[in-house]
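One structure is given here, and the rest of the page talks about it.
The values are calculated or read from the model by the stated rules, or taken from the named source; none is laboratory data. Fair warning: this is a prediction, and the values are worked out from it, not measured in the lab. Every residue, glycine as well, gets a Cβ built from its backbone with ideal geometry; the counts of neighbours run over all protein chains shown.
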Amino acid sequence: MTSAVPTSADLQRAGTPPRRGLVLLGLMVTMALAAMDTTIVSTAVPQIVGSIGGFSIFSWLFSIYLLTQTVTIPVYGKLADVYGRKPILLAGIVVFLAGSALCSLAWSMVALIAFRALQGIGAGAIQATVQTVAGDLYSLRERGRVQGWLASVWAVAAVTGPTLGGLFADYVSWRWIFLINLPLGAVALVLIVRFLREAPAAARRHRIDYGGSVLILLSCGLLVFALLQGGVAWAWTSGASVACLVGSALLVAATVVVERRAAEPVVPGWVWRERVVAGSNLGYVALGLLVIGPSTFLPTFAQTVLGYGAVAAGFVLASMSISWPLAAALCSRLYLRIGFRDSALIGSALCLVGVGWFLFLPFPPPVWTVVGSTLVLGAGLGLISTPLVVGVQSSVPHERRGVATGSLMFCRFLGQSLGAAVFGAIVNSSLHQRLATAPPALSSGLPRSVDAVEPAVEGGHLPGDVLDYLRRALDAAMHHVYIGLTIVAVLTALVLMVCPRRFPIVEVVAPPAGDEPGAG
């Protein structure tokens, strides 16, 4: 028997609105688990390596978590539609906590990487269902505010994750990075088990698409693996990279064939046939690209070019984490008045202003100008993400909402993986070119490889002219990244035009006083 989450109107008739707040708290804690573990390990790597070894493969602590999380999202989205949101979400939390407990007991780097993969499998269920449950519980008008709360979780995780990881590693043990998840996860489990109610639906026999599920995991896994390893473990033009990309393309083609024949496909054809969902998915790929560029390189820029410490550099990036949830929380009146697509287009325009602003900054730029650019970018991201996810959830029936929401989350993480590869290649190419064309008088004092540039600058033992040259090289590399982000911002506006100006709304929602009826 399947189950379905009642609508906000059902909950209000049942006299249970206060419980929605407790469910939302449980969702926020759950999302915090998955979001925090994306960043909390980064500052504890020296202590982890010192304890269990494995320096040569430690980067897989991050890659495997992102890989398993990303590739499982589409499958979980379908399962949430078939079996209900609550059991899938609870299963994801349990798997995540089991992975966390095992990570805390890891005796080698290989074991820790394997248990991080288990964490990622649980995190995939969390990412696929939290947004869906929020869409089920709250009305069209309320979802903007709720998205602001959920976005704030990512903001807090981005700022506090590395700090907490460093504190645990320095003053307690790196194993507490994972043990802290257990009490937090217990709180989330209690809140969701106790207060989330799903209305029973008519019994129906489902035909599970095992073949499609396996092919989706393999094709997406190989693609994300190629994006994570390309330019890092091997060159983009190497045989390994080409083999992975070609293999992924062949598996994608096989997936399309199998999914077309499946009675209940994991990724139904309507995901890409319906303009609302297809355009929003493309918008979320662009969103992932716009997020990952600053998130990856802005802290390094703040430390090497602006000369700030690690904590201050984190707060430069945190400005994006402030404006994003604020814009997400406040945009509901905008999308109810002018429509979802036009609201997202305004967001893409703000993103273009934010990244374009950076291109005109001098060397070295005043810190307030960098913060201002990032604030504007964050506001634009909030105006892209919330209208699209709310619009998609409101334009599909309840039994399709899990697949639709899962496709958005998958596209975002795919965009982040693609962005990490593309922007990493841009930075490496820019720095390599600067090292190769350095004036002869400076050549003897410069690092021999791109990997040695950042440590050399932060070490502070270089002659003044060499240090200035390297700082300018890092500044130029960052500008090249922002040129790429500017192109992405323009492309974002173009792909959003795939969406119709007016989204078809399948739920009846009374507009707020003074607003036009309906939503775009």
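Of everything listed in (1) under 21 Å from the mean Cα position of the chain (by Cα); (2) within 30 Å of SER51 (Cβ to Cβ), the single unmet condition for VAL267 is (2). Number of residues in the range 71-93 that are within 18 Å of the chain's Cα centre (by Cα) and either at pLDDT below 90 or within 16 Å of ASP209 (Cα to Cα) (or both): the value is 7.
So which helices (runs of 4 or more DSSP H) stay within the range 361-461 end to end and still have 2 or more residues that are buried (at least 19 other Cβ atoms within 10 Å of the Cβ)?
Numbers: elements: 367-395, 398-436, 440-443, 453-459.
Once the helices (runs of 4 or more DSSP H) in the range 361-461 are filtered for at least 2 residues that are buried (at least 19 other Cβ atoms within 10 Å of the Cβ), what remains is 367-395, 398-436, 453-459.
For first residues located in the range 41-64 and loosely packed, with under 15 Cβ neighbours inside 10 Å, partners that are of a type in the set (Phe, Trp, Tyr) and lie 6+ apart or on another chain with Cβ distances below 7 Å do not occur. Among the numbered conditions (1) within 16 Å of the chain's Cα centre (by Cα); (2) under 20 Å from VAL224 (Cβ atoms), the only one that PHE96 does not meet is (1). Within the range 65-93, the set of residues being aliphatic (A, V, I, L, M), surrounded by fewer than 23 Cβ atoms within 10 Å (Cβ to Cβ) and within 22 Å of PRO268 (Cα to Cα) comprises just one member, VAL82.
Yes/no matrix, rows are residues, columns are (1) aromatic (Phe, Trp, Tyr); (2) closer than 29 Å to TYR76 by Cα; (3) assigned by TED's automatic domain parsing to the domain that holds GLY279:
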| position | (1), (2), (3) |
| --- | --- |
| GLY307 | no, no, yes |
| PRO325 | no, yes, yes |
| SER332 | no, yes, yes |
| ALA344 | no, yes, yes |
| VAL355 | no, no, yes |
| TRP368 | yes, no, yes |
| THR374 | no, no, yes |
| PRO387 | no, yes, yes |
| ALA404 | no, yes, yes |
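When VAL41 is tested against (1) more than 15 Å from GLN131 (Cβ to Cβ); (2) modelled with pLDDT of 85 or more, only condition (2) is not met. If you check ARG143, ARG197 for being among the charged types (D, E, K, R) and crowded, with 20+ Cβ neighbours inside 10 Å, only one passes: ARG143. Criterion first (more than 20 Å from the chain's Cα centre (by Cα) and either in a loop (DSSP other than H, G, I, E, B) or at pLDDT 85 or above (or both)) does LEU102 satisfy it? Spelling it out, LEU102 is indeed more than 20 Å from the chain's Cα centre (by Cα) and either in a loop (DSSP other than H, G, I, E, B) or at pLDDT 85 or above (or both). Selection of the range 247-270 for residues being modelled with pLDDT of 85 or more, of a type in the set (Gly, Ala, Ser) and surrounded by 14 or more Cβ atoms within 10 Å (Cβ to Cβ) yields GLY247, SER248, ALA254.
Every residue, every condition in (1) at pLDDT 80 or above; (2) within 30 Å of ARG502 (Cβ to Cβ); (3) in the same structural domain as GLY415 (by TED's automatic domain parsing); (4) part of a helix (DSSP H, G or I), yes or no:
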{"position": "ARG197", "(1), (2), (3), (4)": "yes, no, no, no"}
{"position": "SER213", "(1), (2), (3), (4)": "yes, no, no, yes"}
{"position": "SER219", "(1), (2), (3), (4)": "yes, no, no, yes"}
{"position": "VAL232", "(1), (2), (3), (4)": "no, no, no, no"}
{"position": "SER241", "(1), (2), (3), (4)": "yes, no, no, yes"}
{"position": "LEU245", "(1), (2), (3), (4)": "yes, no, no, yes"}
{"position": "TRP272", "(1), (2), (3), (4)": "yes, yes, yes, yes"}
